[in-house]
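To start, the structure itself, in structure tokens.
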Amino acid sequence: MSMEAADQEKKNKKSKKNATVGIGRSLSQRLIIPVKKYDSEVFRMLVQFIHCGSVNITEETVAGLYGAASQFELRDLCNACLDFVERCIKVGRAEKLLFSTRWYSQHKATKILFDKIYSVLDRRHIARLEETRV
């Protein structure tokens, strides 16, 4: 085999190798990108908020949504989450919020929610203790 033929063969192998990576993939193949930081439902809701400007916040999703909203600097969603947490606390559902807050405890922003909920629960606990002493 001549040097030119060997060089051409190497080029052909490289072009075949490059064709199977990245953009060269056929359209029938799917690329799945895992989002490990957020629950799939929370991430879907985040995309819905970005796309439509509205989202239904629940006790199970508020911590994840707040963390994502803080990370992506979505102030309106941050404020809506904080408002939702305050309303839940006022009607006595703070304990239910703790479950989702613990699931997102690795997020810096979630610490704000966690501290807010615990401060309310601590105050309630102290008030109950004072009532029992009397």
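A compact table of results
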| item | result |
| --- | --- |
| Stretch gain in nm, segment residue 99-residue 127, where the contour uses 0.36 nm per residue and the Cα spacing is subtracted | 7.8 nm |
| Pair residue 73, residue 44: separation of 7 Å Cα→Cβ label points (nm) | 2.9 |
| Ranking of 81, 88, 52 by count of other Cβ atoms within 10 Å, fewest first | 52, 88, 81 |
| Estimated FRET transfer efficiency when R0 is 30 angstrom, pair residue 91-residue 35 (beta carbons, to 0.05) | 0.40 |
| Cα pair distances in segment 38-133, grouped into 10 Å bins until the bin that holds the longest one, percent each | 17, 48, 24, 8, 3, 0 |
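Laboratory data are not the source of any read-out in this text; all were calculated from the coordinates shown. Note that this is a predicted model, so its numbers are computed, not measured. Counting neighbours? That spans all protein chains shown, and the Cβs are built from the backbone with ideal geometry, glycine included.
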